[in-house]
1. Is there any pair with a first residue in the stretch 42-66 that is of a type in the set (Lys, Arg) and a second that is in a helix (DSSP H, G or I) whose Cβ atoms are under 7 Å apart and which are 6 or more apart or on different chains, and what are they?
2. State whether one or more residues within the stretch 33-45 are basic (Lys, Arg), surrounded by 10 or more Cβ atoms within 10 Å (Cβ to Cβ) and over 23 Å from PHE127 (Cβ atoms).
3. Taking the stated definitions as given, is PHE68 of a type outside the set (S, T, N, Q) and at pLDDT 90 or above?
4. Which is at pLDDT 95 or above, surrounded by fewer than 14 Cβ atoms within 10 Å (Cβ to Cβ) and either among the polar types (S, T, N, Q) or over 30 Å from GLU13 (Cα atoms) (or both), of GLY112, GLY62?
5. Do you know which residues across the stretch 42-98 are β-branched (Val, Ile, Thr) and farther than 21 Å from GLU19 by Cα?
6. Show the residue pairs that are 6+ apart or on different chains and have beta-carbon atoms under 9 Å apart, the first residue being within the stretch 84-96 and at pLDDT 95 or above, the second being among the aromatic types (Phe, Trp, Tyr) and outside any strand (DSSP E or B).
Amino acid sequence: MSSFKNFFKENAEQIESIEYVATSRFKDDKGAPIRWKLRPLTNTEFDDLTNRANKTKFGGKGKREVKFDLSTFRPGFCVAGVVYPDLNDAELQKNWGVMGADNLIKEMLLPGELTDLYDKLNEISGFDKDINEEIEEAKNS
């Protein structure tokens with residue numbers, strides 16, 4: 001039987017940042033696509049982004065409705081997970097003619113590229129993992 005101390009913070013496997021080509025349209029001096037640096041989001045960040053994307057509206061008879069706005073959530077989720085390039089850099093935003101990291105990422109990436117980045121960040125943040133499937137695969141190997 002494993003020790004309860006195995007659940008202590010210092011014993012948790014840390015998820016490293018990864019490099020990812022978000023688009024082939026930005027190239028380095030040698031003509032190779034520039035790799036972006038991504039990190040997984042924390043639960044606190046995810047909750048904050050979710051709350052920001054929840055829009056309250058009042059419908060008929062004053063009934064309150066909460067709607068989730070994916071067009072707000074997705075860019076914010078991506079910005080939170082991108083370490084490099086620094087999307088909060090004022091000079092970069094000025095160069096693209098926008099204010100705010102959420103607006104910048106929507107200008108820098110095509111819609112499909114933004115969706116692919118969102119999917120990758122979901123993956124490294126643990127949304128595409130089913131630990132029980134991974135255990136079964138390991139047993140069958």
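1. ARG52/THR72; ARG52/GLY76
2. Filtering the stretch 33-45 for residues basic (Lys, Arg) gives 35, 37, 39.
Right, trim to surrounded by 10 or more Cβ atoms within 10 Å (Cβ to Cβ) and you get 35, 37, 39.
Narrowing the set further to residues that are over 23 Å from PHE127 (Cβ atoms) leaves none.
No, that holds for no residue.
3. Details: of a type outside the set (S, T, N, Q): yes; at pLDDT 90 or above: yes.
Considered against the rule, which asks whether it is of a type outside the set (S, T, N, Q) and at pLDDT 90 or above, PHE68 comes out as yes.
4. Details: GLY62 fails: at pLDDT 95 or above.
Going through GLY112, GLY62 in turn, the sole match is GLY112.
5. Let us first name the residues in the stretch 42-98 that are β-branched (Val, Ile, Thr), namely 42, 44, 50, 56, 66, 72, 79, 82-83, 98.
Selection gives THR44, THR50, THR56, VAL66, THR72, VAL98.
6. Every condition considered, the pairs that remain are PRO85/PHE26.
The values are calculated or read from the model by the stated rules, or taken from the named source; none is laboratory data. None of the values given here were measured: they were computed from a predicted structure. No Cβ is skipped: glycine too gets one built from the backbone with ideal geometry, and neighbour counts run over all protein chains shown.
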